[in-house]
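The values are calculated or read from the model by the stated rules, or taken from the named source; none is laboratory data. Values in this document were obtained by computation on a predicted structure and should not be read as measured data. In this analysis, Cβ positions are derived from the backbone assuming ideal geometry, glycine residues included, and neighbour counts consider all displayed protein chains.
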Amino acid sequence: MFLEMKKPNRNIEFFIERGLFASRWLMAPIYIALVGALIILLISFMKELWHVCLTLPQLDQNDVVLSILSLIDLSLAGNLLLLVIFSGYENFVSKMDIEDHEDQPEWKGTIDFSALKLKLIGSIVAISGIHLLKIFMDVQKSSEVQIKWMVTIHIVFVCSGVLLALMDRIAASTKVMKEK
């Protein structure tokens, strides 16, 4: 009788499960705060663009290219933020009810956690590549040690992306094998 397992009370289990499921809404303020970060990024982009416009007559070709790379870098970070906000909210909080909106992104609702990881690392690799290109374009201002570290970090990001993609591919093929 002592070893006999009793069934848990279904009412308690129901409330625990409902509470755990409702806890997903704790992520909503984080996604709202990321919208604030997107606004901060927009302000930074506009400041950089304004600075480029004001100093354009004094800039040489390399400086113009470096300034444009900075703007591209900021736009990639903004795209990354949007991707995390939309897909994170849809994957972990709630589906967005905007199916009839004409400007709805095509990818909305199609990015799962695995695809989000790959897009995230892809964006990080692109941003790292832009930073590396900036250093190469103005190599006189960087030390040899700095350049080596930047190249090493970029290679680590690239390898991480390849390994993540490989792990996802292996997991997907394993899932397909189990379904057969």
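Computed values, structure above
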| read-out | value |
| --- | --- |
| Test: residue in segment 141-161 that is among the basic types (K, R) and crowded, with 17+ Cβ neighbours inside 10 Å | no |
| Any hit, segment 101-111, residues being among the β-branched types (V, I, T) and at pLDDT below 85 | yes |
| Near pairs, Cβ below 8 angstrom, 6+ apart or cross-chain, from segment 146-165 (under 11 Å from G122 (Cβ atoms) and free of Cβ contacts under 8 Å to residues at least 24 places away in the same chain) to any residue that is hydrophobic (A, V, I, L, M, F, W, C) and surrounded by 12 or more Cβ atoms within 10 Å (Cβ to Cβ) | none |
| 2 or more residues modelled with pLDDT under 90: qualifying helices (runs of 4 or more DSSP H) within segment 1-94 | 10-22, 61-92 |
| Criterion: assigned to a helix (DSSP H, G or I) and either within 22 Å of F92 (Cβ to Cβ) or modelled with pLDDT of 85 or more (or both) - qualifying residue of T152, T174 | T152 |
| Among (1) surrounded by 11 or more Cβ atoms within 10 Å (Cβ to Cβ); (2) within 28 Å of L82 (Cα to Cα), the one test that A22 misses | (1) |
